[in-house]
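This report refers to the structure that appears directly beneath it.
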Amino acid sequence: MSWLIVGTVPRADFSLAWGPYTVQERAIEVLGVTVNVARGTPALMATAFVAARALGIDPPEALIIGDTGSGEGSRNLYKHLVDNLERFRHAGVTFHYLMPDVVWHNKILWGLAELAERPLLVADAGFMYAAKMSGYADHYDLFTPDAGEMAFLADEVAPHPFYTRGFLLQEEAMIPDLIDAAFASANAARHLLVKGQTDYVVDGGRIVSRLSEPDTPAMEPIGGTGDTLTGLVTALLASGMDMTKACRTAALANRYLGVLANPTPAFGVAELLPFLPEALDLAVRDAEVCDL
């Protein structure tokens, strides 16, 4: 299955690029332009690329642009995608770091819905915020929130995670309740992969898997490990794997990544990538015996 990753990189000089990309050591190259792998969308892209190669499938394409926080790059990307939906031939799309914009979000969502074959829709980070704010969260197949973002999805009135109500500091213990609240208010995708001390796989509001082992505490302060999880599930869905199995396998692989890399908090995502094929192999083998 072909797949598209849509997001931004934190560089003002990075022009819009749509096409295949490669990973070379610590950098991603898209149409002759390179960006370092650190966190955010580049971390997701690098993980998805390495995982796809390990799974024996074609890596995703990318539609990315530079945006240093002004939102100009995100708006230009939104417009380009809306104006070029005839190029969309992908079975699925993962939307990632983009400045939330409900108007542009809705134009993209409606445009994709009009395609002859509706793609699988995955959202994380800024685009997930826009999806929730738009009132169309339940049109998505998968959200991949962390615990704080789960609190935002559960708050039926918050326009942004910064404005989530008072349960934010207790979010880890409250995640099952937050899941219930998000689905009750139609602010969740059909499936959730909630990242945290315990990873939750949710199907239609029902928790179908909880994964808390193996646990590598040094992974927690490494920036970008949530992005690697979204990259893993992207590659697994692109391989044709069932949604809940893909989520369980991705969560396990991200945890095995910590075991195999034996990182310190000074590690970056690029230093984890060499261990990813073995971690994915272990996770595919063990996913069937996860606690359901």
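The values are calculated or read from the model by the stated rules, or taken from the named source; none is laboratory data. It should be emphasised that the depicted structure is a prediction, and the values quoted were computed from it without experimental measurement. Glycine gets a Cβ as well: all are built from the backbone with ideal geometry, and neighbour counts include every protein chain shown. For accessibility, only protein heavy atoms count, side chains too; no ligands or nucleic acids. Shrake-Rupley method; radii C 1.70, N 1.55, O 1.52, S 1.80 Å.
Each of Val93, Met128, Ala173 was placed along the dipole of the chain (beta-carbon charges, centred on the mean Cα), and the one lying farthest toward the positive end is Val93.
Where nothing but the Cβ of Lys and Arg (+1) and of Asp and Glu (-1) is charged, how large is the charge dipole of region 5-78 around its Cα centre, in debye to the nearest 20?
Details: 5 positive and 7 negative charges, 34 e Å.
For region 5-78, the charge dipole is close to 160 debye.
Send over the per residue convex hull volume for region 4-85, Cα only, as a whole number of Å³.
Details: hull volume 6.7 nm³, N = 82.
Enclosed volume per residue, from the Cα hull, is 81 Å³.
For region 46-98, the spread of Cα positions along the three principal axes, ordered from largest to smallest, is 37, 27, 11 Å.
Please work out the Cα center distance from region 76-108 to region 192-219, rounded to the nearest Å. After rounding, the separation between the Cα centres reads 28 Å. What region 228-292 shows is 37 Å² of accessible area per residue, with the surface traced by a 1.4 Å probe over protein heavy atoms. Once the Cα-Cα distance is subtracted from the 0.36 nm per residue extended length, the Ala12 to Ala184 segment shows a gain of 57.9 nm. Using +1 at the C-beta of Lys and Arg and -1 at the C-beta of Asp and Glu, which of Val82, Ala147, Asn36 has the Cα lying farthest in the positive direction of the dipole of region 1-149? Going by the Cα projections, it comes out as Asn36. Per residue, the accessible area of region 4-135 comes to 42 Å² when a 1.4 Å probe rolls over the protein heavy atoms. Please state the relative contact order of the chain as a whole percent: Cα pairs under 8 Å, 6+ residues apart? Worked out over the chain, it gives 19 percent.
Considering only the Cα atoms of the chain, their convex hull presents on average a projected area of 13.5 nm². The slack in the chain from Arg206 to Thr34, taken as 0.36 nm per residue of separation less the alpha-carbon distance, amounts to 57.8 nm.
To the nearest 20 debye, what charge dipole does the chain have about its Cα centre, counting +1 at the Cβ of each Lys and Arg and -1 at the Cβ of each Asp and Glu?
Working: 20 positive and 36 negative charges, 89 e Å.
Here the chain has a charge dipole of around 420 debye.
How much length is gained if the chain between Ala266 and Asp58 is pulled fully straight, taking 0.36 nm per residue apart and subtracting their Cα-Cα distance, in nm to one decimal?
Values: separation 208, 0.36 × 208 = 74.88 nm, distance 3.15 nm.
This chain segment gains 71.7 nm when fully extended.
Near the amide H of Asp146, within less than 5 Å, lie the amide hydrogens of Lys195, all on another chain or at least 5 residues away, with H placed in the peptide plane.
Near Val208, the amide H atoms lying under 5 Å from its own belong to Val201, Val202, Asp203; only residues 5 or more places off or on other chains count, and H is placed 1.01 Å from N.
Run the helix sum for the chain: -39,500 (n - 2.57) per DSSP H stretch of 4+ residues, divided by residue count, reported at 222 nm to the nearest 500 deg cm²/dmol. Don't skip to the answer; put the middle values down first.
Working: 10 runs with 120 residues, N = 292.
Helix-only estimate at 222 nm: -13000 deg cm²/dmol.
Per residue, how big is the convex hull around the C-alpha atoms of region 107-151? Give it to me in cubic angstrom, could you?
Working: hull volume 3.0 nm³, N = 45.
Taking the convex hull of the Cα positions in region 107-151, it is 67 Å³ per residue.
Beta bridges assigned by DSSP with both partners in the chain are antiparallel in approximately 50 percent of cases.
Longest span of the chain, sites excluded, free of GluC sites (Glu not before Pro) in DSSP loop with at most 14 other C-beta atoms within 10 Å?
Working: sites that count: Glu25, Glu114, Glu117, Glu156.
The longest such stretch corresponds to 157-292.
For the chain, modelled as a GNM whose springs connect Cα atoms under 10 angstrom apart, the maximal fluctuation among Thr144, Thr228, Thr244 occurs at Thr244. In this calculation the C-beta distance from Glu278 to Ala91 is compared with R0 = 30 Å, giving a FRET efficiency of 0.65. Protein heavy-atom surface of the chain, 1.4 angstrom probe: 51% of the accessible area is carbon and sulfur, with nucleic acids and ligands not counted.
Out of all DSSP beta bridges in region 5-98, what portion is antiparallel? Express it as a percent rounded to 5.
Values: 12 of 19 bridges.
So the antiparallel bridges amount to about 65 percent of the total.
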